[in-house]
Each structure stands twice: as structure tokens, then as C-alpha cells.
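*Asks:* Have a look at the structure that comes next, please.
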Amino acid sequence: MFELLVPAARTAREKLGEANVFDPRRRPERTLLALLELQGAGVEPDVWQVEGLDRREDCARLVAAARRGGRGRVGCIIRGQGGDAVVERSLVLSAGVPGFIGFAVGRPTFWEPLTRWRDGRESRAIVVAEIARRYARWCKVFSDSAAGPSAS
């Protein structure tokens with residue numbers, strides 16, 4: 001697996017006024033170009049992990065690039081980042097695109113419960129149960145979305 005992170009350059013952030021504007025306007029094309037450049041340099045992972053994309057067609061273009069030139073078995077996973085609503089939207093959007101085979105989540109799912117445990121405000125058992133519940137929710141969202149509108 002190769003985690004492909006494409007952050008905004010400082011100048012792009014300054015031109016657009018804020019970092020969040022970068023994602024929908026710049027990230028899809030820059031991610032695609034970075035993937036193609038990495039492939040050209042011989043980077044050939046079985047799975048590309050990419051940051052949340054805002055349009056299904058961008059997800060499809062990325063899979064097509066990842067699978068071009070005899071790479072038909074390569075898959076992509078979406079990196080869920082941000083608040084719960086943003087993560088859920090990324091999972092729903094990518095799950096229905098053939099070639100998106102899964103997702104990765106981290107801090108949005110684990111950070112807050114872990115800090116409560118670290119600070120002694122909750123027991124390990126409660127925190128483990130909450131993290132498991134949150135992760136199971138993401139699995140269901142992705143699975144239901146991949147299965148199509150009739151799934152629930």
C-alpha cells in the first residue's frame with residue numbers, strides 16, 4: 001500500500017484564501033498527476049491510499065489511472081479524514097466506484113476516546129467499545145454504499 005498525500009502548497013492556500021478550498025478545486029488533478037508520476041518512476045503498489053475526493057467521477061478517474069497499462073488488479077482505498085460527516089461522505093462516494101476496495105480511518109475515529117482514556121476519564125473497556133462501535137459504523141457505511149441503494 002502506498003499512501004498518496006497531496007497537501008496544498010502555501011502559495012495555493014494563500015491564493016484560495018483558506019486550506020479547505022484546496023481540496024475540491026485542486027486535489028483531484030494533483031493527486032492524479034502525482035500517481036502518474038510515481039508510476040512512471042516505478043512505484044507500483046497493489047493498493048493506493050488517497051485522500052477524500054469530493055466527486056465520484058474523480059474517484060473513477062483515479063482508479064482508471066491506477067489500473068492503466070496492465071495494472072488491472074490494483075485497488076484504491078479512501079483515507080477518511082475530518083469530522084464524522086466528512087468521513088461518511090468520502091466513504092459513501094468512493095464505495096460505489098469499482099476499484100475502490102476499502103478505506104482507512106484514524107484520528108477521526110480513535111483520537112477523542114483515546115484522550116479520555118489517557119486522561120483517566122474513562123476505562124479502557126469503555127474506550128475500546130466506543131472505538132469498535134465507531135469503526136463498525138464506518139464498515140457498514142462503506143459496505144452498504146458499495147452494495148448500492150437497496151442495501152441497508
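*Asks:* With (1) open to solvent by less than 40 Å² (accessible area, probe 1.4 Å); (2) in contact with an Asp or Glu (Cβ under 6 Å, 6 or more places away or on another chain) as the list, and Gly80 as the residue in question, which single condition is left unmet?
*Replies:* (2)
*Asks:* Which one of Ile101, Ile126, Ile131 is in a helix (DSSP H, G or I) and either among the charged types (D, E, K, R) or open to solvent by 80 Å² or more (accessible area, probe 1.4 Å) (or both)? Break it down into steps so the answer makes sense when it comes.
*Replies:* Numbers: Ile101 fails: in a helix (DSSP H, G or I); Ile131 fails: either among the charged types (D, E, K, R) or open to solvent by 80 Å² or more (accessible area, probe 1.4 Å) (or both).
So the residue among Ile101, Ile126, Ile131 that is in a helix (DSSP H, G or I) and either among the charged types (D, E, K, R) or open to solvent by 80 Å² or more (accessible area, probe 1.4 Å) (or both) is Ile126.
*Asks:* Any residue in the stretch 139-149 that is without any contact (Cβ under 8 Å) to a residue 40 or more places away in the chain, part of a helix (DSSP H, G or I) and farther than 26 Å from Met1 by Cα?
*Replies:* Within the stretch 139-149, not a single residue is without any contact (Cβ under 8 Å) to a residue 40 or more places away in the chain, part of a helix (DSSP H, G or I) and farther than 26 Å from Met1 by Cα.
*Asks:* Here's something else I'd like to know. Among residues belonging to the stretch 104-119 that are open to solvent by less than 40 Å² (accessible area, probe 1.4 Å) and closer than 28 Å to Asp54 by Cα, point out the one that is modelled with the lowest pLDDT. Can you show your working first?
*Replies:* In the first step, residues of the stretch 104-119 are kept if they are open to solvent by less than 40 Å² (accessible area, probe 1.4 Å); the result is 104-106, 108-109, 113, 115-116.
Okay, now just the ones that are also closer than 28 Å to Asp54 by Cα, so 104-106, 108-109, 113.
Working: Ala104: 93, Val105: 88, Gly106: 81, Pro108: 72, Thr109: 83, Pro113: 94.
Restricting to residues being open to solvent by less than 40 Å² (accessible area, probe 1.4 Å) and closer than 28 Å to Asp54 by Cα, the top hit is Pro108.
*Asks:* Check Gly52 against each of (1) open to solvent by 80 Å² or more (accessible area, probe 1.4 Å); (2) under 13 Å from the mean Cα position of the chain (by Cα); (3) at pLDDT below 90 and name the one condition it does not meet.
*Replies:* Condition (1) is where Gly52 drops out.
*Asks:* Would you tally the residues in the stretch 7-40 being modelled with pLDDT of 75 or more and under 20 Å from Val63 (Cβ atoms)? Walk me through it before giving the result.
*Replies:* Our first condition is that a residue be modelled with pLDDT of 75 or more; within the stretch 7-40, this holds for 7, 26-40.
Okay, now just the ones that are also under 20 Å from Val63 (Cβ atoms), so 26-40.
The qualifying residues number 15.
The values are calculated or read from the model by the stated rules, or taken from the named source; none is laboratory data. Since this is a predicted model, take the numbers as computed values, not measurements. Neighbour counts run over all protein chains shown; Cβ positions are idealised from the backbone, glycine included. Please note that ligands, DNA and RNA were not included when accessible areas were found on the heavy atoms of the full protein model with its side chains. Shrake-Rupley method; radii C 1.70, N 1.55, O 1.52, S 1.80 Å.
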